[in-house]
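*Asks:* Sending over a structure as C-alpha cells; questions will come in a sec.
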Amino acid sequence: MKTIEAKAVVLGAQAVGKTSVVMRCVRNMFDKAVGTTIGAAFFNYRLNVDGYQVHLQIWDTAGQERFKSMAPMYYRKASIAILVYDITDLESFKGLKKWVMELIQNVDRPISMVLFGNKCDLTEKREVSSELARDYAESVGAELVEMSALTSQGVNEGFEKVCEMLISNLDNTHAHVYDGYGNREDSTRKRTVSVVGSPDSDNSDDRRCGC
C-alpha cells in the first residue's frame, strides 16, 4: 500500500472548537475543559482511503489575533487547510475570507481547502445556513462538511473528505508519496486557488473550545 504524508493546517476564529474537532477525530474524545491553544498544537492522524495510507501532520493553530504573525510558519508547505467556523456564530463564518486571503499570501504553492461547520448539534441557535456555507465553499473551490465535536456527528466524514481531497490533488501539493517499500515517488505539482465572493454576502487572546 502506498503512503501519503501531508501537512494540514487548521484555521479559524477563537472559540469555534478547532481543537475539539481535531481531538474528536484523533483521540475520539471531547473535553469541555480543554485548554486554550497557544501558538499551535501538533497531532498525527492516519487513515486508509482508496488504497492509500494517509498520514496527516495536523497543525491546530490559535485563533487569537496576537498570534497572527506566527501564521506563515504553520502555513509553510501545508497541502490542505481546514477552515473551521461555528454555525451558531455568523461572525466566525464571515472571518473565513480573512483566513483564505492569509493562505493565498503565505503559501508558496496553491493549497486545497475544506470548511468544517462545527456545533451542528445546536440547530436551534444556527446563524449560518448550510446553503450560505455551501455557496461560499464552492466560490473558493473548497468542500464543506458540517459536524459536531460534542456528539462526533460528521467528524470522521470531515477528515475522510480531507484525505480524499489530498489523493485527488496529489500532483498539486507538497504531499509526499511513498511506495510499499518506503521509496519516495516524486511528481511535479501545480494548482490554482482563487477567491471569488465573500461570506460577508447578505444573500443568505485565549480561545475556548466548544462543540
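*Asks:* Obtain the nm distance between the two label points defined at Glu131 and Arg27 by a simple spin-label model: each point lies 7 Å from its Cα along the Cα-to-C-beta direction.
*Replies:* Once both label points are built, they end up 4.0 nm from each other.
*Asks:* Can you list the residues, at least 5 places off or on another chain, whose amide H is less than 5 Å from the amide H of Gln53, using H built in the peptide plane?
*Replies:* Hits under the 5 Å cutoff: Lys2, Thr3, Ile4.
*Asks:* In the range 2-185, if the dipole is taken from +1 on Lys/Arg beta carbons and -1 on Asp/Glu beta carbons about the Cα centre, which of Met73, Ser168, Ser92 is farthest to the positive end?
*Replies:* The residue sitting most towards the positive pole is Met73.
*Asks:* If you don't mind, another one. If R0 is 45 Å, what FRET efficiency do you get for Asn156 and Glu185 from their C-beta distance, rounded to 0.05? Don't jump to the answer; show the numbers that get you there.
*Replies:* Numbers: r = 28 Å, r/R0 = 0.62.
The value I calculate is 0.95.
*Asks:* Shifting gears a bit: Can you list residues whose amide H is under 5 Å from Val128's amide H, if they're 5+ apart or on another chain and H is modeled 1.01 Å from N?
*Replies:* Amide H to amide H, under 5 Å and 5 or more residues apart or across chains, Val128 pairs with Asp89.
*Asks:* Still on this structure, please answer the following. Please list, in order along the range 44-54, the HN-Hα scalar couplings obtained from phi with the Karplus expression 6.51 cos²θ - 1.76 cosθ + 1.60 (θ = phi - 60°), rounded to whole Hz, x for Gly and Pro.
*Replies:* 10, 9, 10, 8, 8, 9, 6, x, 10, 9, 9
*Asks:* So if each residue of separation counts as 0.36 nm, and I subtract the Cα-Cα distance between Lys2 and Met73, what length gain in nm does that give?
*Replies:* Residue separation times 0.36 nm, minus the Cα-Cα distance, leaves 22.7 nm.
*Asks:* Collect residues whose amide H, placed 1.01 Å from N in the peptide plane, falls under 5 Å from the amide H of Arg76; neighbours closer than 5 in sequence don't count.
*Replies:* When sequence neighbours closer than 5 places are left aside, there are no close amide H contacts.
Throughout, read-outs are computed from the coordinates displayed, never taken from laboratory work. This one's a predicted model, so the numbers in the text were calculated from it and none came from an experiment. Don't worry about glycine lacking a Cβ; one is built from the backbone with ideal geometry, like all the others, and counts go over all protein chains shown.
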